[in-house]
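In what follows, a structure is listed as structure tokens, so that the remarks can point back to it.
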Amino acid sequence: RRHTRYWRDWSSDVCSSDLKKIISNDKNSSPVFPSLGINLQKQILEIKNYSLYSGGQLLFPSKLIDYEYYTYINNKYTLRNLKLIIGVFYGNNNYFGNESRLTQNYKNFGLQMGYEYEIIKDKFFLQSDFVSGYTSLSNLIIGGAYKFTKHLLFSTGFQIPNDNNNSKIGLIFELTLL
């Protein structure tokens, strides 16, 4: 969701930092709450080294009335081995919580940005992602990714929470089927 890698651009992954939403400490409830989600992404424009993407995610957790959504528009600029991404997003409170994403006047809007630097062609990448705001999803993540096969990617990174949010410093591990 917040990753900037060119084959996903924040569209379809779930990070380990998202697990707090589905894991419960309540002894009277089941430990995991599955959800059904739909992810869409479309490249709108491509001119030389510039691309414009739009996408979104719609999740239906345990109750259909508690749906969560997140939409975005991202700009991507490619310069040799470096990809720079910056965009804006909009999400409801079920997705992010009640905290502000940008300012109190634009509570449901936020900024997202990142980079990807290819070290070994189509194999190993350095990357960083940032999501603005004061929610548990508002973090800076710095790490790397290794592409085992054409369709299997392993990513790891260090999560640094933005000021005044309830997220924790931690390590991110992710295995993605492309």
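A short reminder: the numbers here are calculations on the coordinates, not readings from a lab. All figures in this text were calculated on a predicted structure; none of them were measured in a lab. Every residue, glycine as well, gets a Cβ built from its backbone with ideal geometry; the counts of neighbours run over all protein chains shown.
Return, ordered by residue number, the residues of segment 95-115 whose backbone nitrogen is under 13 Å from a label point located 7 Å along Cα→Cβ of residue 86.
Only 111-115 pass the distance filter.
If each of residue 42 and residue 73 carries a label point 7 Å out from its Cα toward its Cβ, how far apart are those two points in nm?
Going by the 7 Å Cα→Cβ label model, 1.4 nm.
Across segment 53-178, how large is the tail of the calculated P(r) beyond 25 Å, expressed as a percent of all Cα pairs?
When every Cα pair of segment 53-178 is considered, 30 percent fall beyond 25 Å.
Any chance you could list P(r) for segment 115-178, counting all Cα-Cα pairs in 10 angstrom bins from zero, rounded to whole %?
Histogramming segment 115-178 at 10 Å steps yields 23, 44, 25, 7 percent.
For segment 68-169, which chymotrypsin sites (Phe, Trp or Tyr not before Pro) pass both filters: DSSP loop (anything but H, G, I, E, B) and at most 12 other C-beta atoms within 10 Å?
When the chymotrypsin sites (Phe, Trp or Tyr not before Pro) of segment 68-169 are filtered for loop state and at most 12 Cβ neighbours within 10 Å, 106 remain.
How many nm is it between the label spots at residue 49 and residue 166, if each spot is 7 Å from the Cα in line with the beta carbon?
The modelled label-to-label distance comes out at 4.3 nm.
Using +1 at the C-beta of Lys and Arg and -1 at the C-beta of Asp and Glu, which of 51, 98, 71 has the Cα lying farthest in the positive direction of the dipole of segment 38-114?
Farthest along the dipole direction, towards plus: 51.
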